[in-house]
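The structure appears below as structure tokens.
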Amino acid sequence: MSTIVHLKRYKPYNILCFEALFRALKPQYRNNQVLLNDFSNEVAGFQGEKYTDYMVSIYPHKNAHLFRGLRLRLGPYHFQMDTLIVTSTFLLILETKNWKSEVEYDPSTHQTTQNDGSKKKGFKSPVLQANNQKLQLASWLQKHRFPPIPIETIAVLSNSSTILTYKGESNEIQNKFIHLDNLPSIFDQHYTNYTKPIVNQATITKLNHMLRKSHTPYKPDYLSKYGITNQYLVRGIVCNNCDHYPLIYSSRTWHCSNCGKKNKLAHEQKILDYFLLHKPTITNRECRELLQIDSPKVVYRLLNSMNLRYSGKNLGRKYLAPKLEEYPQELNFPMKRNIFQS
């Protein structure tokens, strides 16, 4: 028995770009409730996926291959699966929801309702979401000339305190929309039901390679989505101690003229945020404008100190954004209060 993780779960661009946005906004605009709510929902979803990752990792799978957050292109569109488990006998898609309070699911209409005691809220059916991903994955496999493999789906509630009820009688749906704690027993059922290998090891190896190669992480454009123009953004670097800006660069150190704090590496976060918010490359001239520094030589030294990949030479040199997994993985945003308190 063995499990191989081919695609790890890193903090997604959805969260990285939100954090960069909060750092880039002028302090008086950071407490926008729409931004905070959307950010909080993204973080909650990511935390739920991590809970599912743990439960999947402790189960004794039989030669399984795991892909977390896999996003594939199908025609002009993309589709993404929270978790994909690949075996020689079947494939399994997990769609995770980190919902709170009470959730009711109606199998006949696929209506999904959350009741937090004060109001009811409707959501897209996670069962239908997973089923749609199943259809898309089957089409993707066919397009890439893989033999048809049985595909199962499970919608998972990762919050153990959430009350899940089903409207009407349907034993089948209770294996399709479950609490995270029930996941091992559903795994047992699938491994019992699917015992005959559909594909050989060579095909599994080829499939895993193609899935890794085809993965394209989604990177949102929050400036356009929320209509944020330059008038809302800070020019230069903000002091992470007192919110004063811009910091002044002198004697190879960033200085805050308000509180006196010094930081030798303050430019690094600003440059990473530029990649997340604007575009995946930066030139010396663009970086000078970003950091509010006049000297090309100083900016050249700062950029080179970050060991960024680059293309071109001299005035045509462009420094390239890091890969997703190279960004800091801890939560990092400037607001002092905890936005995750209910």
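Observations
- The fewest-to-most ranking of L72, L291 by surrounding Cβ atoms within 10 Å reads L72, L291.
- Kirkwood Rh in Å, taken over region 254-322 so that all alpha-carbon pairs contribute: 12.6 Å
- Degrees separating the helix 266-277 axis from the principal Cα axis of the chain, which is the longest one: 50 degrees
- Lys-Lys pairs in region 213-291 that are eight or more residues apart or on separate chains and whose Cα atoms lie under 24 Å of each other come to 8.
- Top of K119, K167, K318 by mean-square fluctuation, Gaussian network on the chain, Cα under 10 Å: K119
- Shape metrics for region 167-253, restricted to C-alpha atoms - Rg then Dmax, Å: 26.3, 72
- The simple spin-label model puts a point 7 Å past each Cα toward its Cβ; for C242 and H278 those points are separated by 2.7 nm.
- Here the simple spin-label model places points 7 Å from the Cα toward Cβ, and for T113 and S257 these points are separated by 6.0 nm.
- Cα-Cα pairs of the chain separated by more than 29 Å (percent): 50 percent
- Applying 0.36 nm per residue to the separation of N307 and Y166 and subtracting their alpha-carbon distance, the gain on full extension is 45.4 nm.
- Of L324, L74, L66, the one that fluctuates the most in a GNM where the chain has Cα springs shorter than 10 Å: L74
- P(r) of region 195-342 over all Cα-Cα pairs, binned every 5 Å from zero, in whole percent: 2, 7, 14, 16, 17, 15, 9, 6, 5, 4, 3, 2, 1, 0, 0
- Take the Cα of F146, go 7 Å toward its beta carbon, and the backbone nitrogen atoms of region 188-203 under 14 Å from that spot belong to 198-203.
- Which of Y249, Y232 has the fewest Cβ neighbours within 10 Å, and the rest in rising order: Y232, Y249
- Percent antiparallel among DSSP beta bridges (both partners in the chain, rounded to 5): 65 percent
- Note on K225 and H179: the model spin-label points, each 7 Å out from Cα along the C-beta direction, lie 3.2 nm apart.
- For the chain, the 222 nm mean residue ellipticity estimated from helices alone, with every DSSP H stretch of n ≥ 4 adding -39500 (n - 2.57) and the total spread over all residues, rounds to -10500 deg cm²/dmol.
- Here's how it looks for Y166: its modeled amide H is under 5 Å from those of Y105, which are all 5 or more places away or on a different chain.
- In order through region 130-138: 3J(HN,Hα) via Karplus (6.51 cos²θ - 1.76 cosθ + 1.60), integer Hz, x for Gly, Pro: 5, 5, 5, 5, 4, 4, 5, 5, 4
- With q set to 0.18, 0.23, 0.32 Å⁻¹, the log10 of I(q)/I(0) for region 190-237, from the Debye formula over equal scatterers at the Cα positions, is -0.77, -0.93, -1.10.
- Of T96, T281, T229, the one that fluctuates the most in a GNM where the chain has Cα springs shorter than 10 Å: T229
- The chain: relative contact order in percent, alpha carbon pairs under 8 Å with at least 6 residues between: 19 percent
Rule-based calculations on the coordinates, nothing more; no lab input. For clarity, every value in this text was computed on a predicted model and none was experimentally measured. Methodologically, a virtual Cβ is constructed for each residue, glycine included, from the backbone with ideal geometry; neighbour enumeration extends over all protein chains shown.
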